[in-house]
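The values are calculated or read from the model by the stated rules, or taken from the named source; none is laboratory data. As the structure is a prediction and not an experimental result, all values here were calculated from the model. Cβ placement follows ideal geometry from the backbone for every residue including glycine, while neighbour counts extend to all protein chains displayed. Areas reflect the complete protein model, heavy atoms only, side chains present, ligands, DNA and RNA absent. Shrake-Rupley method; radii C 1.70, N 1.55, O 1.52, S 1.80 Å.
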There are 2 protein chains.
Amino acid sequence: VRTVAATTRPHPGLMQDNPLSKIPTLVLDDGTALYDSRVICEYLDGLAGGGRLFPAAGKARLTALRRQALGDGMLDFLLLLRNERERAHVSEPHVATFTTKKQAVLAAFEQEAGDLSASAFDIGHVGIGGALCYLDFRFADEDWRKHHPGIARWHAAFCARPSVRATEPVDDS
Amino acid sequence: VRTVAATTRPHPGLMQDNPLSKIPTLVLDDGTALYDSRVICEYLDGLAGGGRLFPAAGKARLTALRRQALGDGMLDFLLLLRNERERAHVSEPHVATFTTKKQAVLAAFEQEAGDLSASAFDIGHVGIGGALCYLDFRFADEDWRKHHPGIARWHAAFCARPSVRATEPVDDS
């Protein structure tokens, strides 16, 4: 179900299922509502037999979950940055902070690029790859690839995956 | 280590370990950095043998994770609300949105109060209880208990737990 979840427009219908008024929210056939993204991903992984995108334990699991949190965290401040730019009174300290974080996260991605390429595809890859797709979608003028060639190369391969191509974000016309 | 992580003051030292410049961030003896809160909680649960605060599977696990996400989500918008009030130009639509979400989440907590009391203590209880502690800490003038007697009763018992009493938030003097 397509639902508008904008920063300053809480959605009464969505809030029946998720009082945070955020997407994604998944309502199961029995009426159970699941959120947020991380919980839904784990649920879907379980439907697929479990352990498909979530390593079961140990260092691999912690690394995957940390990367997922890093991608999630980047999405959070990119949403805030986009929202900031649309305010009547833009706060320059906020824009500067989000921009500093954006650069720091891109540098961290670049450092991890080799290991991302070398390791089995998991929820950490989804988190980082998805955050970069959002960067391309909403900050299309941002030439992040120029100074981050390693993660740019990794992301090109990520975007070529059938699952990613099938879920490319689009604006309503 | 005490670290200042304010919304508009990215912390260069912290960002070496967590480019999001957010707390909590846990650095292990081998230098591995873990974040965010959810990942650290799972790590600590593992140290304690696993399955102590995280139900292993099934509906109990999904409910616990959803509640944890709900508490986390409430913390996120309460931080934004507090930050909004400190801006030079306060955006009333933002304040109104965060306030609407606050009321919706409190109503959802109230609906879950009976089940929270009846079910085994898990990470969902920690997430909801902690969010309410933050509400008391930073929005002390908010009399949320008046119209939410069920969750207020549950929260009184939560606050009496030794682990909660030992970690009460305090302001630097």
Need the C-alpha centroid separation for segment B:1-50 versus segment A:59-95, integer Å.
16
Of all alpha-carbon pairs in segment B:22-73, indicate the percentage at a distance above 13 angstrom.
63
Once the label point is set 7 Å along the Cα-to-beta-carbon vector, what list of distances in nm do you get between A:ARG52 and its counterparts in the other copies?
3.3
Let's test the formula: R0 of 25 Å, r as the Cβ-Cβ distance of A:VAL90 and B:GLN103. What FRET efficiency results, to the nearest 0.05?
0.30
Where labels lie 7 Å past Cα in the beta-carbon direction, separation of B:ASP30 and B:ASP115 in nm:
3.9
For the protein assembly as shown, size of Cβ-based charge dipole, Lys and Arg +1, Asp and Glu -1, in debye
140
Volume per residue (Å³) of the convex hull spanned by the alpha carbons of chain A is 148
Residue among B:HIS147, A:ALA56, A:ASN83 farthest towards the positive dipole end of the protein assembly as shown, charges placed on Cβ
A:ALA56
Taking the radius of gyration and the Kirkwood hydrodynamic radius from Cα positions alone, what is the Rg/Rh ratio for segment A:60-101, to two decimal places?
1.17
Taking R0 as 30 Å, what's the FRET efficiency between B:GLU168 and A:LYS59 from their Cβ-Cβ distance, rounded to 0.05?
0.35
Length-normalised contact order of chain B, Cα under 8 Å, at least 6 apart, in percent, tallies to 18
Suppose accessible area is computed on protein heavy atoms with a 1.4 Å probe; arrange A:VAL105, B:VAL27 from highest to lowest.
B:VAL27, A:VAL105
Mind ranking B:ASP76, A:ASP172 by accessible surface for me, highest first, 1.4 Å probe?
A:ASP172, B:ASP76
One quarter of the convex hull surface, Cα atoms only: what value does that give for segment B:94-173 in nm²?
6.1
Could you give the dipole magnitude of segment A:1-146 about its Cα centre, charging the beta-carbon of Lys and Arg +1 and that of Asp and Glu -1, in debye to the nearest 20?
180
What shape does segment A:2-92 have by the C-alpha gyration tensor, where a ≥ b ≥ c are the square roots of the eigenvalues, rounded means a/c under 1.5, and otherwise prolate means a/b greater than b/c and oblate the rest?
oblate
Put a point 7 Å out from Cα along the line to Cβ at A:ALA160; what are the distances to that point in the other copies, in nm, shortest first?
6.3
Taking every other residue with Cβ under 13 Å from the Cβ of B:MET15 and scoring Lys and Arg +1, Asp and Glu -1, one gets +3
Cα extents of the protein assembly as shown per principal axis, largest first, Å, are 56, 48, 46
Calculate the dipole size of segment A:86-135 relative to its Cα centre from +1 charges on Lys and Arg beta carbons and -1 charges on Asp and Glu beta carbons; express the result in debye to the nearest 20.
200
Remind me, what semi-axes does segment A:61-138 give for its equivalent ellipsoid, largest first in whole Å, using sqrt of 5 times each Cα gyration tensor eigenvalue?
27, 11, 10
Copies compared at B:VAL4 - label distances in nm, ascending, label defined 7 Å from Cα in the Cβ direction
4.1
State the residue of chain A whose Cβ is nearest the axis carrying A onto B, and the distance in whole angstrom.
A:HIS89, 2
Kindly count the pairs of lysines across the protein assembly as shown whose alpha carbons are less than 24 Å apart, treating pairs on different chains or eight or more residues apart as eligible.
15
